[in-house]
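Just so you know, all these numbers are worked out from the coordinates, no wet-lab data involved. Here the structure is a predicted model, which means the values were calculated and not measured. Positions of Cβ are generated from backbone atoms using ideal geometry, with glycine treated the same way; all protein chains shown enter the neighbour counts.
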Amino acid sequence: MNGTTTKPMFTVWRALLAVIFLAGAYATYLRFVVGWSAATNLSDAQPWGVWVGLATLCGVGLSAGGFTVAAAVYLLGMERYRPIARAAVLIAYLGYLSVCVGYAYELGLPWLAWHAFIYWNPHSVLFDVCFCILAYTTVLTIEFAPVIVEKLKWTGFRDKFLHWHHRLATAVVLAGVLLSSMHQSFLGGLFLIFKGKIYPLWYTPYLTTMFYLSAIPAGLAMVVITLYLCNRSLKTKVDPEIIKEVAWVISPMLIINLVWRMVDLIKHGGGAYLFLRRPETAYFWIEIALFIVIPVVMFNTRWIMKRPEGIYWSSAVVIMGFITNRINVSINSLERATQAGYVPKWPEMAVTVMLVTCAVLAFRYAVLYLDVLPRRAVPERARRWLANAGIAANA
Amino acid sequence: MSAKKALLIDITKCIGCQTCSSACKEAHGIPGDPEPHLSATAFNAVREQDGHYIRKMCMHCEQPACASACLVGALRKTEFGPVIYDKKKCIGCRYCMMACPQSVPRYEWSKLAPYMKKCDMCYERVSQGKPTACAEACPVQATIFGDRDEILHEARKRIVEDPKYVPHIYGEREFGGASMFFISDVEFEKLGFVIPKDDEPLPEVSKAALDEAPTVVLVGGTLLAGLYWITNRRKQVLLAEAQGKTIKFPMTHDDAEDRS
């Protein structure tokens, strides 16, 4: 790839890519041509599976870094993080695009999805989620557009676009932060109406808060591992200090999550279920261990944080824990009530993996051919809030 | 057709003959024999438990979770009782199936253009003034059809007059009330009925969360806009100072220091 001379044509990674896309294509064929039972293990008892639990809940949740970093840089003036803002926005953009594509698989009648535009039911949380996701995807398109437009050769259009974009940017970012905060919470709100079906360890009237609070550290962890991987294999030059600082924010947020979660559990009667001998108890503690306890320990261990791989792996554990949380809420918590015995069929996973792969590939090429991340090291500046005397404000 | 209609199912009277299931299939134009469980081709099922026969079908809740969940509003509670489904609107998200506390809706998993299927309380028959097919067909009057008030009155009368009944009308208050009422001589819990912790209608639960949204957006929006204004102002001041006056550089502005 990228035109170097001595690289072999065949590598393990390319073979893996081929397998992923072949499997994904076959799974797509199964889903749209053969039928639901060939492609999924969904049933009347378990109408939602990993396409909701993984593709949607995690896809949106792990995109939370987009609005967090955008808010920090564009609204709160943390200029220091401007070099990673575009990457964070791109992660979110690709995340949302893959959620939108994933819905083509998840919906029974995807060719009628436009009904959501003309038949409104504002009492439905899903309607609000859908509305916010579409609106925020539009916002992300606008936020990311200059990265592509600035490469265009039509200078007249380009300059006019960038001029107007710059004037509107703050409003767009503000709308984006509000929209994404809203539906990160609403994704949890989706599960409120399953009250009575959801195991008490995951049911709280504040599922909205749980989803919002957990999405932020997970989204930031996603930003961290992306930046690390870009530095390592795409030769970008993101200041390791910046990556470290983003990682530093994650640990206190995880602790906030833990405290909130425990207080909420005890307040809403889940405390009695913490130590029963049931599979749910194990799922719960695995989630707490992966999402909170292990990462917090790792983030606060000096010799782990000293090296970039340490930061990378700590963040990776956060993401694993986050995925466990979403799978627990959307699938495992319902098992006792529905007795569905749901385990995803391979095409469900193949489609999900293919979507993630597409997003990763798109990110890779964006970094290689667009100005998403700095390609040469920026000389060390004073480490100060509003560093460089507002020169960036002039940009 | 303004009075609300309802069904009363007296579990003590049901003999498990499956006539209601056959009548249901006939009324909906579905071929085949009665099925033991609800399916995309069976909107009514009769199962046996401990010598009792229990019908299962849509409860036609007064405040249906499915209708509040449906993002395109394909499900709707009609004024005279039935919760009906407009398949022309449906996009197949299956949130109704997840939301239903009784897990009633079924999906046509075998089709490539699947729709949701459930009991419609014989909407067309009822709107013509006829009883539901199941009530009409029942040979022992275990299921009776009528105005909701009268049906509830009848249920109470039976419970008061005969001590064998458990003093509980299932469906009167569960999930905010329904249009299907069950009376029985055994506790409903033992017959596998869904027993909610409280009688709060499920749409209220999500409504409570949705109602908070405008406040959160307004407060959050104002806060963020305010923070932006402050930081932007600081930036401009710094910029002006850096350009206008010859200020010492690298600048050591106290304000800039405190949040580093």
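Worth a mention:
- Prolate/oblate/rounded call for segment A:33-368, Cα gyration tensor, a/c under 1.5 rounded: oblate
- A helix-only calculation puts chain A at -20500 deg cm²/dmol for mean residue ellipticity at 222 nm, using -39500 (n - 2.57) for each DSSP H run of at least four residues, averaged over all residues.
- Order of B:215, A:170 under a 10 Å beta carbon neighbour criterion, fewest first: B:215, A:170
- In summary, the helical segments of chain A meeting the span-like criteria, namely a full DSSP H run, a Cα extent along the axis of 20 angstrom or more and a mean Kyte-Doolittle hydropathy of at least -0.5, are A:12-29, A:82-106, A:125-149, A:155-189, A:207-233, A:240-267, A:308-330, A:346-369.
- Legend: residue pairs B:77/B:117; B:88/B:197; B:4/B:117; B:117/B:190, Cα-Cα distance threshold 26 Å; pairs beyond threshold, B:88/B:197; B:117/B:190.
- Nearest 10 degrees, 0 to 90: helix B:202-243 Cα axis against chain B principal axis: 10 degrees
- Helix content alone sets the calculated 222 nm mean residue ellipticity of chain B: runs of n ≥ 4 DSSP H residues at -39500 (n - 2.57) each, divided across all residues, give -10500 deg cm²/dmol.
- Convex hull volume per residue in cubic angstrom - Cα atoms of segment A:148-261: 166 Å³
- Computed lengthening from residue A:120 to residue A:29, 0.36 nm per intervening residue step minus Cα-Cα distance: 29.6 nm
- Subset of B:13/B:89; A:197/A:345; A:267/B:164; A:244/B:235; A:195/B:89; A:267/B:56 violating a 30 Å alpha-carbon distance limit: B:13/B:89; A:267/B:164; A:267/B:56
- Fluctuation leader among A:209, A:155, A:141 - chain A, Gaussian network, Cα springs under 10 angstrom: A:155
- Placing +1 on the Cβ of every Lys and Arg and -1 on the Cβ of every Asp and Glu, with nothing else charged, gives chain B a dipole about its Cα centre of roughly 980 debye.
- Within-15-Å neighbourhood charge of residue A:159 [Cβ basis; K, R +1; D, E -1]: +4
- Max-minus-min Cα coordinates of segment A:240-358 on each principal axis give 49, 40, 19 Å, with the largest extent listed first.
- Alpha carbon convex hull of chain B, projected area averaged over orientations, nm²: 22.5 nm²
- Label positions at residue A:154 and residue A:370, each projected 7 Å from the Cα along the C-beta direction, are separated by 1.8 nm.
- Treating each Cα of segment B:144-193 as one equal point scatterer and applying the Debye formula with no solvent, the log10 of I(q)/I(0) at q = 0.22, 0.28, 0.30, 0.33 Å⁻¹ comes out as -0.80, -1.16, -1.24, -1.31.
- In chain B, the longest principal axis of the Cα atoms and the axis of helix B:148-161 are about 60 degrees apart.
- Label-zone membership for segment B:18-42, site residue B:127, 7 angstrom Cα→C-beta point, backbone N under 19 Å: B:27-29
- Inter-chain shielding of A:124-134 (mean C-beta neighbours from other protein chains, 10 Å cut-off): 5
- The mean number of partner chain beta-carbon atoms within 10 angstrom of a residue's beta-carbon across peptide B:219-225 is 3.
- For peptide A:108-114, the mean count of partner chain Cβ atoms within 10 Å of a residue's Cβ comes to 6.
- Alpha-carbon Rg with Dmax, taken over the protein assembly as shown, Å: 28.7, 100
- Springs join every pair of Cα atoms under 10 Å in this Gaussian network model of chain B, and among B:213, B:155, B:42 the largest mean-square fluctuation is at B:213.
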